[in-house]
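Student: Provided herewith is a single structure, encoded as structure tokens, for subsequent inquiry.
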Amino acid sequence: VFTTTTIDSLRHANSDAHGLRASDGPENSARGNQDYGEYNGPSGNQGSFYGDVARSIFFLTLRYNGLEVVSGNPSNTTVGELGDLDILLDWHRNDPPDDFEMNRNNIIYQWQFNRNPFIDQPDLVEYIWGDNVGEVWQNPLSTENFNENDIVVYPNPSTTSFIIDAINNYGDAAIYDQTGRLIATYNFIDQLEVEHQFPTGLYLVKITSQKGSVTKKLLVH
């Protein structure tokens, strides 16, 4: 049974799986109401949770109205303000997404049917809060060399196979995972059916033909 979530409900933000973490009771009490950055986690830890936490906070502030990450340490009486932005940016930069975090993102997608974009595309953080604020973000694999409607990828989402429909086109297709790693390449003439056992997640299908190239997003579940 699923309850429909709304962007205006902070109660829903409290139960969003992207922001939930297993916590040791005494450590949770020790953190109390301190802002992120005031509390550095259990003694002796290697800091492997820093980036994971930062990206979770960034997602929640993007997903729900009434939440904001601010610089410094906001008052405990201020509802919806989380600190410290500068420290969370450092955590994000110094602890990039790893296999564990990507797998967690995939599993949550199976539960909630949404993903944390800052795990799939970490550089987005810089365009919203960091060094690239005000600049236009573009996927480096994107291109507009020809009308992308000339080529269709379906079914999307895919389970065990998908079809590249490129009538009157020929060329090759390259499959990349969400980290930009090349997974597979294929040649096609007009149409290609790809059978696969790709893990659940988001993939990029870069299709290059005699007319140009285009990149399609493919979800696998």
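The values are calculated or read from the model by the stated rules, or taken from the named source; none is laboratory data. Just so we're clear, the structure is a prediction, and the values are computed from it rather than from any experiment. Don't worry about glycine lacking a Cβ; one is built from the backbone with ideal geometry, like all the others, and counts go over all protein chains shown. For the accessible areas, the whole protein counts, side chains as well, though only heavy atoms, and no ligand, DNA or RNA atoms are used. Shrake-Rupley method; radii C 1.70, N 1.55, O 1.52, S 1.80 Å.
Student: Please give the per residue accessible area of the chain, computed with a probe of 1.4 Å over protein heavy atoms only, in Å².
Tutor: Heavy-atom SASA per residue in the chain reads 57 Å².
Student: Further question: From the phi angles alone, apply the Karplus equation (6.51, -1.76, 1.60; θ = phi - 60°) to region 116-128 and give each ³J(HN,Hα) in whole Hz, x where the residue is Gly or Pro.
Tutor: Ordered by residue, 3J(HN,Hα) equals 8, x, 7, 8, 5, 9, x, 5, 4, 4, 5, 7, 9 Hz.
Student: Wrap a convex hull around the Cα atoms of region 4-81, take a quarter of its surface area, and give that in square nanometres.
Tutor: Mean projected area of the Cα convex hull: 5.7 nm².
Student: Order 89-96, 28-35 from most to least packed using the mean count of other Cβ atoms within 10 Å.
Tutor: Sorting 89-96, 28-35 by mean packing, highest first, produces 89-96, 28-35.
Student: Next question, about the same structure. Translational diffusion coefficient of the chain at 4 °C, 1.567 mPa s, Stokes-Einstein with Kirkwood Rh over Cα pairs, in µm²/s as a whole number.
Tutor: 66
Student: Separate question: Tell me, what % of the accessible area of the chain is carbon and sulfur with a 1.4 angstrom probe?
Tutor: 49
Student: Would you please give the residues with an amide H less than 5 Å from that of Ser71, counting only those at least 5 places away or on a separate chain, with H modeled from the backbone geometry?
Tutor: Long-range HN contacts for Ser71: Leu85.
Student: Can you tell me the order of 166-172, 103-109 when each peptide is scored by its average per-residue count of other Cβ atoms within 10 angstrom, highest first?
Tutor: 103-109, 166-172
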